[in-house]
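Everything below concerns the one structure shown next.
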Amino acid sequence: MRRVRNVHERVVEAPADVVGALLDRLSSPEDPLSPSPVWPPIRFDGPLGVGAAGGHGFVRYSIGAYEPGRSIRFDFAPAPSNGFHSLEIEPLPDSRCRVRHVLEQRQTLMQTLAWSLAIRPLHDTMVEELLDNIARSASRTGLARPFRWSRRARLMHGLVWDRPTATPVPDAAVLAHQAIESPDYADAYRLPLDPGMPRDPEAWRGVLPFQVRAVSDDELLLGEDAGHLDFRGSVLLTDADVTLTTVVRFHNWRGRLYFAVVRHFHPFMTRMILRRFHRRLAFEAPSAADRTARDSEDPVLTE
């Protein structure tokens with residue numbers, strides 16, 4: 001077994017009490033720190049407090065210790081033998097503070113290889129972006145230089161991004177149902193929408209390179225008509241997820257023959273297109289700190 005200790009620190013130009021108040025909002029609907037939607041949001045099964053269980057994405061942990069406004073420790077499952085990570089706020093002179101993130105874990109050889117090759121670049125980047133959000137939210141001078149991703153972090157991040165799952169065509173996809181009532185072919189794929197992802201259908205125009213046919217409050221319909229078939233793609237948005245639905249109507253034997261070939265590639269291409277555009281919009285979305293500042297009346301957050 002090998003003991004891993006990973007430490008990130010940032011001196012923030014704001015009093016410890018201000019940063020501590022931000023820490024106490026971690027995992028809440030108005031969380032200004034979790035670097036979502038580029039990273040999965042931090043979520044627990046209840047308010048911040050010892051024993052609350054949750055995590056971010058596939059990383060699961062529970063709160064092992066919590067001093068409001070000062071520190072919080074997350075114990076990896078099964079706790080406490082599998083290590084922890086923590087956030088601590090240390091007051092400094094001149095109305096400043098130091099924020100420290102510490103990860104400690106005993107790892108097997110295979111866990112060490114996975115940590116070194118894949119997990120550490122992701123972990124380091126996510127923690128630095130969380131520290132960026134603290135600086136954006138707490139400091140009156142804001143963030144002078146955001147953390148820059150490494151090439152390895154971008155590669156690994158792309159590999160672990162959510163993959164669309166097949167789902168029945170939603171009844172709520174009204175525009176798709178109206179466009180082609182009895183399609184010869186239909187499928188649908190869904191991805192979750194984390195906080196900060198756009199819920200406005202207009203933001204999803206670029207997901208398919210086709211003409212916009214109709215727009216509603218929660219759905220965008222794109223498509224193309226041809227002599228052999230009609231194609232429609234519907235983007236349906238809810239608070240929880242986005243669903244890309246395809247409906248096709250054949251006009252003749254040429255349409256049936258054409259799609260007999262295309263349908264072997266269509267599911268793969270549809271999932272890839274949805275996944276890439278979903279990730280692109282996540283990177284284009286404002287940070288949690290910027291969203292909180294935009295919606296807040298707190299002068300510390302808006303100056």
- When you take every Cα atom in the chain, what is the radius of gyration, and what is Dmax, the widest Cα pair distance, in Å? 23.0, 79
- Message: For the stretch 219-280, what does the relative contact order come out to in percent, with C-alpha contacts under 8 Å and a separation of six or more?
- Response: 24
- Message: For the stretch 158-214, take the convex hull of the Cα atoms, compute a quarter of its surface area, and give me that in nm², please.
- Response: 5.4
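How large is the Kirkwood hydrodynamic radius of the stretch 41-177, in angstrom, based on all distinct alpha carbon pairs?
Values: mean 1/r = 0.0563 Å⁻¹.
That comes to 17.8 Å for the stretch 41-177.
Which of MET197, MET269 has the fewest other C-beta atoms within 10 Å, and how do the rest follow up to the most? Provide the component values of the computation, followed by the final result.
Working: MET197 19, MET269 10.
Ascending number of Cβ neighbours within 10 Å: MET269, MET197.
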- Message: Per-residue counts of other Cβ atoms within 10 Å, averaged by peptide: what ranking do you get for 17-30, 92-105, highest first?
- Response: 17-30, 92-105
- Note on the structure: To the nearest 10 degrees, the tilt of helix 266-284 (Cα long axis) against the first principal axis of the alpha carbons of the chain is 40
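Can you give the convex hull volume per residue for the Cα atoms of the stretch 189-236, as a whole number of Å³? All intermediate terms of the calculation are to be shown ahead of the outcome.
On the way: hull volume 3.5 nm³, N = 48.
So the per-residue Cα hull volume is 74 Å³.
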- Least to most buried among PHE231, PHE268, PHE147, by other C-beta atoms within 10 Å and fewest first, runs PHE268, PHE147, PHE231
- Message: Run the paramagnetic zone check for VAL174: 7 angstrom along Cα to Cβ, then residues of the stretch 212-243 with backbone nitrogen under 14 Å.
- Response: 214-221, 236-237
- Item | Extension gain (nm, one decimal) between ASP200 and THR238, 0.36 nm per residue minus Cα-Cα | 12.7 nm
- Item | Semi-axes of the equivalent ellipsoid for the stretch 141-283, Cα gyration tensor, largest first, Å | 32, 18, 13
- Query: At q = 0.10, 0.13, 0.18 Å⁻¹, what is the log10 ratio I(q)/I(0) for the stretch 199-303, with the Debye formula run over Cα points and no solvent?
  - Reply: -0.40, -0.60, -0.94
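Where a number appears in this text, it was derived from the coordinates with a stated rule and is not lab data. Computed from a prediction, not measured in an experiment: that's the story for all the values here. Because the Cβ atoms are built from the backbone with ideal geometry, glycine has one as well, and the counts that use them run over all protein chains shown.
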